[in-house]
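These notes concern the structure reproduced below.
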Amino acid sequence: MRAKGRSLQRAFVTPEGVDLRLTLAAAGTRAGAFLLDGLLMLVILVGATVAFVYLAVERTGELLTILWLVGFFLLRNFWFVLFEMGSRGATPGKRVMGIRVVARDGARLTGAAVVARNAMREIEVFLPLSFLGARAAEGAADSFLTLFSFGWAAIFLFFPLFNRDRLRVGDLVAGTWVVQLAKAPLAFDLVGSGHTHRRTFPEEALRAYGIYELQMLEQVLRNEEPAALSTVAHTIRGKFNMVDDRDDYGFLADFYATLCSRLEHSMLLGRRRESKHDSS
């Protein structure tokens, strides 16, 4: 699709053929999310360090340094990977800033893509800065090494500013986007007492979908684009042999409300279905 000027809106076509028209996260928003995550990781790391010193006062020194470095490596990698593998596709920093990671091909975000995009961050930022820190601790960090390390990190750090899709190198490798979540409220309260359910749905239809599909359906209802509403409603009706009553929005609103109630009830019972591909 063609973007007008520096527009960050992009076509995002799901496997069902629905264009959700997502908006890419601005570079400043992504930077803010990264800083928030960094701050949270630092708080955890400092807390763990204080606890270690308290529990092993006589065994600090070189051992503490090694454990701190290993802990920082594990924390910064698993922090991003584990949170982005969740159903929300976002770390705490991203959630605060209202953004999440999605696959650019419209499919579900895979674990391989999450690992790939975050593994690249080691090369982009942490590797040169960690090397610089280690050399500085040994008193061997000269001016050239310092400039080279910061220059290397800066090239990758500011890379999203110089491409139209605001992609990190990790996003290019993994085939991902970071997008802004819709903040507008739904047209009406789909799951509250104000919404009257006029339709019932077969059990197999409700059993076929999970949290991911619920979120995609919510996005379709937010956008209220007739073509998308028609496509999704036609897909669900055709798959489960339901009658077309010519009210696509009402049909999807009822389906959304019923599915939401079902998934919430299942989670209360300890059963969490992430998507239609989750057999649990």
Can you check what the net charge comes to around R198, using other residues whose Cβ is under 12 Å from the Cβ of R198 (Lys, Arg +1; Asp, Glu -1)? -2
Neighbours of V178 by Cβ distance under 11 Å: Lys/Arg at +1, Asp/Glu at -1, summed charge +4
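Rule-based calculations on the coordinates, nothing more; no lab input. For clarity, every value in this text was computed on a predicted model and none was experimentally measured. Cβ: placed from backbone, ideal geometry, glycine included. Neighbour counts: every protein chain shown.
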